[in-house]
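Asks: Quick one: this structure, given as structure tokens, is what I'll be asking you about.
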Amino acid sequence: MKNNLVRKIDARSNLISTVAGTGEQGFSGDGGPAVDAKFHRPHSIQFDAAGENLYICDIGNHRIRIVNLESGSIDTWCGNGKKEKTPDGAKVGKNTPLNGPRALDLAPNGDLWLALREGNVVYRIDHETGQLYHFAGTGEKGLNKEVVEARKAKLSGPKGVAISPDGNYVYLADTESHTVRAIDLTAKKPLMQLIAGTGAKGDGPDSPDPLACEMARLHGVGTDPVNGNLYIGDSEAHKVRVVTGLPGGSSRKSLGAYKTETFQVAGKSCKVTIPEKAAEGNPWIWRCRFYGAFPSVDEALVARGWHIAWIDVGNLFGAPAAMEIFDTFYDEVLAKYSLSKKPIMEGFSRGGLPAANWAIRHPEKVWGLYLDSAVLDIHTWPKRNSSKLYEICLKEYGLTSANAEIWKGPLTNAKALVDGGVPLMIVAGGADPVVPYLENSGLLEKAYRELGGNMTAIVKTGCDHHPHSLYDPTPVVKWALGLE
């Protein structure tokens with residue numbers, strides 16, 4: 001904010017760069033490159049639902065600016081620069097006034113919620129019509145401790161806004177009343193209620209009752225995307241607080257809560273987790289290593305009626321022996337559980353080799369390939385980490401250290417995957433020292449893009465090899481459910 005810049009960290013390279021702003025305070029640059037534009041205390045940023053545009057609350061200019069991430073150009077999206085009241089139902093545009101646009105958050109349905117700090121009001125911006133609707137605040141500064149109709153409530157400089165995972169609650173960091181307020185959208189007329197804070201400036205005490213905890217000019221709020229817990233940036237107390245047990249979160253059963261059958265195929269241990277009610281077509285995801293580890297995607301899919309299958313091919317490194325075992329396992333689980341003929345292959349870490357190699361071997365039998373911090377080159381792992389495992393690996397491929405360089409793996413067979421029509425989902429840590437992204441999944445990503453393959457990559461900025469997967473598995477689940 002005080003540098004009048006918007007900056008980013010590239011997850012793949014871990015380098016920081018400027019996205020927008022010259023560093024000089026002012027207003028200029030609309031219609032040109034964002035890096036040549038001037039801002040006046042940019043504060044909150046938010047992407048649109050498609051991830052194609054970046055919105056920036058340009059507080060001092062009383063505007064929301066928009067950056068097209070592909071072209072790098074900037075323009076004013078809403079706001080005329082005047083500190084005037086925003087008419088209810090007004091269209092987003094350069095003639096619509098915004099009095100101190102401070103914070104934005106994206107709702108699950110694609111709408112944006114906007115807190116106006118100087119205006120002491122909250123608006124919903126409809127993503128379909130492009131209209132701003134007044135939802136909370138009279139414009140008068142104050143605090144209502146009792147539950148009131150949201151549009152009749154007083155606010156005191158809201159500087160943060162966050163939406164619950166189900167989209168039914170809007171939380172506000174009401175900075176100058178030292179409280180968190182919530183708009184309940186489930187009521188016939190949305191209601192405003194006090195969630196945390198006493199209204200007095202202070203520091204705690206931490207308590208089972210959030211309403212007994214004093215705070216000091218809190219600036220930010222954020223919701224846990226899975227359970228709906230509310231995190232509060234208590235600025236002048238120099239603390240992050242959390243409120244648990246709020247409505248609006250989602251619940252997900254653990255993998256262990258579902259029936260799991262164990263058996264053997266080709267002398268190898270196997271598991272199949274069975275959903276309570278199978279989805280149409282009996283879809284399944286094939287976990288190629290580490291059944292039950294970092295299971296957020298598996299738990300979300302089994303809850304939607306997918307089977308989860310696994311066979312132990314440890315220390316075979318995706319070599320021909322593992323492929324033969326996979327072929328037998330595939331035939332047996334299809335017959336035993338009447339599963340779909342095309343699973344999603346799921347390769348975590350060293351499971352990346354068997355997952356990718358079987359997809360290359362049988363692209364016509366694979367619905368999609370999900371690789372998570374995946375090993376795709378034996379010369380990065382296990383060679384650099386374990387001489388013992390590396391020797392075992394070479395032996396499985398019929399190689400020795402003298403001719404190891406002739407090994408061919410997924411990175412030299414990307415064309416087979418693309419030509420076979422195998423959609424690819426990659427999740428990885430950008431700072432993984434064990435399985436470096438740029439030497440493994442990053443090379444596969446590059447090859448897919450160059451070959452025009454169907455692929456998606458999520459690289460976690462600054463993340464190590466662990467944790468695998470995503471805490472909120474929604475992006476991977478949407479990808480899986482959207483495959484055709």
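The values are calculated or read from the model by the stated rules, or taken from the named source; none is laboratory data. Fair warning: this is a prediction, and the values are worked out from it, not measured in the lab. Methodologically, a virtual Cβ is constructed for each residue, glycine included, from the backbone with ideal geometry; neighbour enumeration extends over all protein chains shown. The area values use the complete protein model at the heavy-atom level, side chains included, leaving out ligands, DNA and RNA. Shrake-Rupley method; radii C 1.70, N 1.55, O 1.52, S 1.80 Å.
Asks: Scan region 3-42 residue by residue and report those that are among the charged types (D, E, K, R), open to solvent by 70 Å² or more (accessible area, probe 1.4 Å) and either modelled with pLDDT under 95 or assigned to a strand (DSSP E or B) (or both).
Replies: Matches in region 3-42: R7, K8, R12.
Asks: Here is a list: Y390, Y370. Which entry is touching a residue at least 40 places away in the same chain (Cβ under 8 Å), surrounded by 13 or more Cβ atoms within 10 Å (Cβ to Cβ) and among the hydroxyl-bearing types (S, T, Y)?
Replies: Y370
Asks: I've got another one for you. Please work out which one of (1) within 24 Å of L444 (Cα to Cα); (2) touching a helix residue (DSSP H, G or I) at 6+ places or on another chain (Cβ under 6 Å) is the condition E364 fails and give its number.
Replies: (2)
Asks: Separate question: Since Y471 meets every condition but one in (1) closer than 14 Å to Y370 by Cα; (2) out of contact with any Phe, Trp or Tyr (no Cβ under 9 Å at 6 or more places or on another chain), which condition does it not meet?
Replies: That leaves (1) as the condition not met.
Asks: Can you find even one residue in region 196-205 that is free of Cβ contacts under 8 Å to residues at least 12 places away in the same chain, under 19 Å from L246 (Cβ atoms), surrounded by fewer than 19 Cβ atoms within 10 Å (Cβ to Cβ) and not basic (K, R)?
Replies: Step one: filter region 196-205 for residues free of Cβ contacts under 8 Å to residues at least 12 places away in the same chain, giving 205.
Right, trim to under 19 Å from L246 (Cβ atoms) and you get none.
Within region 196-205 (the criterion being free of Cβ contacts under 8 Å to residues at least 12 places away in the same chain, under 19 Å from L246 (Cβ atoms), surrounded by fewer than 19 Cβ atoms within 10 Å (Cβ to Cβ) and not basic (K, R)), the answer is no, since none of the residues qualifies.
Asks: Wholly within region 260-362, which helices (runs of 4 or more DSSP H) include no fewer than the required count, namely at least 1 residues that are over 30 Å from K383 (Cβ atoms) and open to solvent by less than 20 Å² (accessible area, probe 1.4 Å)?
Replies: Counting at least 1 such residues, we get 296-303, 320-337.
Asks: Of all the strands (runs of 3 or more DSSP E) wholly in region 79-195, which have at least 1 residues that are in contact with a Phe, Trp or Tyr (Cβ under 7 Å, 6 or more places away or on another chain) and farther than 30 Å from G31 by Cα?
Replies: Output list reads 132-136, 158-163, 169-174, 179-184.
Asks: In addition: Taking region 242-254 only, how many residues are in contact with a helix residue (DSSP H, G or I) (Cβ under 7 Å, 6 or more places away or on another chain) and at pLDDT 95 or above?
Replies: So the count comes out to 1.
Asks: For a quick check of your reading of the model, give me the residue pairs whose first member lies in region 455-484 and is over 15 Å from S349 (Cα atoms), whose second is surrounded by 14 or more Cβ atoms within 10 Å (Cβ to Cβ) and among the acidic types (D, E), with beta-carbon atoms closer than 6 Å and at least 6 apart or on different chains.
Replies: A457/E445
Asks: Suppose the filter is of a type in the set (D, E) and under 29 Å from Q193 (Cα atoms); does E84 pass it?
Replies: Values: of a type in the set (D, E): yes; under 29 Å from Q193 (Cα atoms): yes.
In short, yes.
Asks: Which pairs turn up if I take residues in region 399-419 that are open to solvent by 20 Å² or more (accessible area, probe 1.4 Å) and look for partners that are among the aromatic types (F, W, Y) and at pLDDT 95 or above with beta carbon separation below 7 Å, at least 6 apart in sequence or on another chain?
Replies: Taking only residues 6 or more apart or on different chains, the pairs are L399/W407; W407/Y397; V418/Y448.
Asks: So G453 clears everything in (1) open to solvent by 30 Å² or more (accessible area, probe 1.4 Å); (2) touching a Gly at 6+ places or on another chain (Cβ under 9 Å) except one condition, right? Which one?
Replies: Against the list (1) open to solvent by 30 Å² or more (accessible area, probe 1.4 Å); (2) touching a Gly at 6+ places or on another chain (Cβ under 9 Å), G453 comes up short only on (1).
Asks: Inside region 54-78, can you point out the residues that are over 16 Å from V35 (Cβ atoms), assigned to a strand (DSSP E or B) and either open to solvent by less than 30 Å² (accessible area, probe 1.4 Å) or free of Cβ contacts under 8 Å to residues at least 12 places away in the same chain (or both)? Write out each step before concluding.
Replies: Filtering region 54-78 down to residues over 16 Å from V35 (Cβ atoms) leaves 55, 57, 59-64, 76-78.
Then keep just the ones that are assigned to a strand (DSSP E or B); that gives 55, 57, 63-64, 76-78.
Selection gives Y55, C57, I64, T76, C78.
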